[in-house]
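Colleague: Just dropping this structure here.
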Amino acid sequence: MNPRLLFWIPAGLRLSIILAGAGGLWYMFGPAAGIAAAIVGLLALLVIQLHYLYQLSNWLEDPNSAKLPDGWGAWTDIFSRLYRMQRGHEKNQAELTEWLTRFRQAMSLLPDGVVIMDDVLFLEWCNPAAEKHLGLQLERDKGMRVTNLVRSPEFMDYIILGRYDQPLTLSFRDNKLVVQIIPFENRRQILVTHDITESERIDMMRRDFIANASHELRTPLTVINGFLEIATSQPNLDPQVRMSHLKLMTEQGHRMQNLVEDMLTLTRLESVDYPLRPEKVNMRMLLEQIEQEAVALSAGRHIISLQVDGPDLKGGTEELRSAFGNLVSNAIRYTPAEGSIDIRWEDGEAGPQFVVRDTGIGIRPEHISRLTERFYRVDKSRSRETQGTGLGLAIVKHVLLRHDATLAIESEPEKGSTFTVRFSKSRVADH
Ligand code: ADP
């Protein structure tokens with residue numbers, strides 16, 4: 001029914017009843033009784049209205065805690081409409097709160113930073129990624145000007161120029177960020193930040209690797225080309241000289257081959273397409289083969305000993321052969337004749353360990369932390385003399401990473417070095 005009718009019909013009825021009652025009394029007992037009855041009736045109606053007005057005012061004061069009364073007459077309709085309005089409002093609010101919570105959750109999971117600012121760059125809100133990228137703390141910095149918080153001349157210039165259609169690459173607190181301001185609504189702006197530190201580092205490593213690899217390949221190629229030129233320009237070269245040239249060319253060819261093989265091994269170890277497929281590795285057999293290769297490489301110049309006391313492993317046999325083989329061949333290559341090489345496979349405190357100890361040239365402490373970097377060598381010419389590629393320990397590092405193992409290096413210049421590979425107990429193969 002029309003709400004106006006719902007209001008007027010009961011109100012009119014009540015007034016009519018009072019007036020009719022008063023009229024009846026007037027008729028029966030005279031005008032004084034009629035007027036008194038009308039006054040009493042109207043006063044009673046007024047008291048009732050005041051009572052409900054008071055209840056309404058109480059409820060409006062604190063709609064959540066006070067309960068709406070059921071009402072009487074037109075009040076019933078007013079209260080029930082207010083009640084429906086309040087329920088609708090509560091539902092909207094609950095939906096809004098839920099939506100806001102979900103939005104905040106999504107924003108906090110975002111790897112990119114989002115900062116909401118007003119038109120004059122005062123911080124209104126930001127997500128955790130933005131706090132991390134820009135060193136902000138929402139609680140502390142809310143209401144402050146973002147240019148006072150992100151103190152960077154590049155960022156300041158970006159704001160002054162106002163060319164927000166372009167992103168800005170910013171070096172900020174040891175990080176490299178790409179930031180961009182996007183105006184939205186009339187008086188708000190969003191600052192988006194994207195951290196590119198890691199991808200820049202990988203790019204840099206890739207560039208360094210290509211530069212180093214090209215440099216390493218260029219030297220043997222130059223040597224080979226030089227001898228080939230001599231061979232073509234001097235066809236009647238002394239056969240003995242020619243033979244020595246051929247020997248040198250073969251050496252350089254081997255060097256290039258070793259380099260390319262090591263680079264391929266490294267690429268494969270890093271590739272996600274080659275996950276480790278663990279198998280049972282017969283450690284005694286593997287280490288005896290490595291010892292035989294070591295004896296051949298040493299050609300009788302060193303005393304080599306092998307002791308196998310540890311258990312078999314779960315891992316990649318060929319990868320472990322390559323890692324252990326590299327450590328043993330390094331020990332031989334960096335130990336002068338008459339020195340000794342000790343190879344041990346044993347049970348350590350936290351799990352099995354592979355130890356190679358030599359009495360070689362040793363390594364100065366400042367080099368130790370960098371040895372597993374690609375192409376890092378303490379002495380370039382010595383490494384080349386001994387057919388080193390500078391990639392051996394980088395390969396070792398990657399193989400060990402894939403086997404959850406660690407490498408510890410102890411060394412004393414002129415005295416010798418000890419390389420220890422520690423595996424966790426979970427790598428021990430079941431019998
Ligand atoms: P390389 O092919 O040059 O031997 P590696 O990555 O195997 O490359 O080793 C990196 C560098 O670490 C070597 O150039 C060498 O200077 C040093 N090095 C490695 N093993 C030993 C060792 N047992 N004794 C002394 N120096 C070593």
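Colleague: When the residues of segment 318-365 are filtered to those that are more than 13 Å from the ligand (Cβ to nearest atom) and assigned to a strand (DSSP E or B), which remaining residue is farthest from the chain's Cα centre (by Cα)?
Modeller: The extreme case among them is 344.
Colleague: When only residues in segment 267-281 that are modelled with pLDDT under 90 and assigned to a loop (DSSP other than H, G, I, E, B) count, which is surrounded by the most Cβ atoms within 10 Å (Cβ to Cβ)?
Modeller: Taking the candidates together, the pick is 276.
Colleague: Does any residue of segment 420-427 turn out to be open to solvent by less than 40 Å² (accessible area, probe 1.4 Å), closer than 28 Å to residue 257 by Cα and within 12 Å of the ligand (Cβ to nearest atom)?
Modeller: No, there is no match, as no residue in segment 420-427 is open to solvent by less than 40 Å² (accessible area, probe 1.4 Å), closer than 28 Å to residue 257 by Cα and within 12 Å of the ligand (Cβ to nearest atom).
Colleague: Moving on to the next point. State yes or no: is residue 322 among the hydroxyl-bearing types (Ser, Thr, Tyr), within 16 Å of residue 405 (Cβ to Cβ) and open to solvent by 30 Å² or more (accessible area, probe 1.4 Å)?
Modeller: In short, yes.
Colleague: Report the residue count in segment 30-43 for those that are surrounded by fewer than 12 Cβ atoms within 10 Å (Cβ to Cβ) and either in a helix (DSSP H, G or I) or within 60 Å of the chain's Cα centre (by Cα) (or both).
Modeller: The number of residues fulfilling the criteria is 3.
Colleague: Would you mind finding the one in 52, 27 that is in a helix (DSSP H, G or I) and free of Cβ contacts under 8 Å to residues at least 12 places away in the same chain?
Modeller: Of 52, 27, the one residue that is in a helix (DSSP H, G or I) and free of Cβ contacts under 8 Å to residues at least 12 places away in the same chain is 27.
Colleague: Considering each residue of segment 302-317, count those that are free of Cβ contacts under 8 Å to residues at least 60 places away in the same chain and either small (Gly, Ala, Ser) or within 11 Å of the ligand (Cβ to nearest atom) (or both), and give that number.
Modeller: Residues in segment 302-317 being free of Cβ contacts under 8 Å to residues at least 60 places away in the same chain and either small (Gly, Ala, Ser) or within 11 Å of the ligand (Cβ to nearest atom) (or both): 2 in total.
Colleague: Something else: Which one is surrounded by the most Cβ atoms within 10 Å (Cβ to Cβ) among residues in segment 341-362 that are in contact with a helix residue (DSSP H, G or I) (Cβ under 6 Å, 6 or more places away or on another chain) and farther than 17 Å from residue 321 by Cα?
Modeller: The selected residue is 358.
Colleague: Considering segment 55-93 alone, what residues qualify as being crowded, with 16+ Cβ neighbours inside 10 Å and among the β-branched types (Val, Ile, Thr)?
Modeller: Scanning segment 55-93 gives a single hit, 78.
Colleague: Let me ask something else. Of all residues in segment 327-340, which are in contact with a Leu (Cβ under 9 Å, 6 or more places away or on another chain) and open to solvent by less than 30 Å² (accessible area, probe 1.4 Å)?
Modeller: 327, 328, 329, 330, 332
Colleague: Please state which one of 374, 370, 384 is under 29 Å from the mean Cα position of the chain (by Cα) and either in contact (Cβ under 8 Å) with a residue 24 or more places away in the chain or away from the ligand (no atom under 12 Å from the Cβ) (or both).
Modeller: Testing whether each residue is under 29 Å from the mean Cα position of the chain (by Cα) and either in contact (Cβ under 8 Å) with a residue 24 or more places away in the chain or away from the ligand (no atom under 12 Å from the Cβ) (or both) leaves just 374.
Colleague: Here is a follow-up. Condition test on residue 114, is it β-branched (Val, Ile, Thr), part of a loop (DSSP other than H, G, I, E, B) and touching a strand residue (DSSP E or B) at 6+ places or on another chain (Cβ under 9 Å)?
Modeller: So residue 114 fails the test.
The values are calculated or read from the model by the stated rules, or taken from the named source; none is laboratory data. Values in this document were obtained by computation on a predicted structure and should not be read as measured data. Note: ideal-geometry Cβ built from the backbone for every residue, glycine included; neighbour counts use all protein chains shown. These area figures cover heavy atoms from the full protein model, side chains too; ligands, DNA and RNA do not enter into them. Shrake-Rupley method; radii C 1.70, N 1.55, O 1.52, S 1.80 Å.
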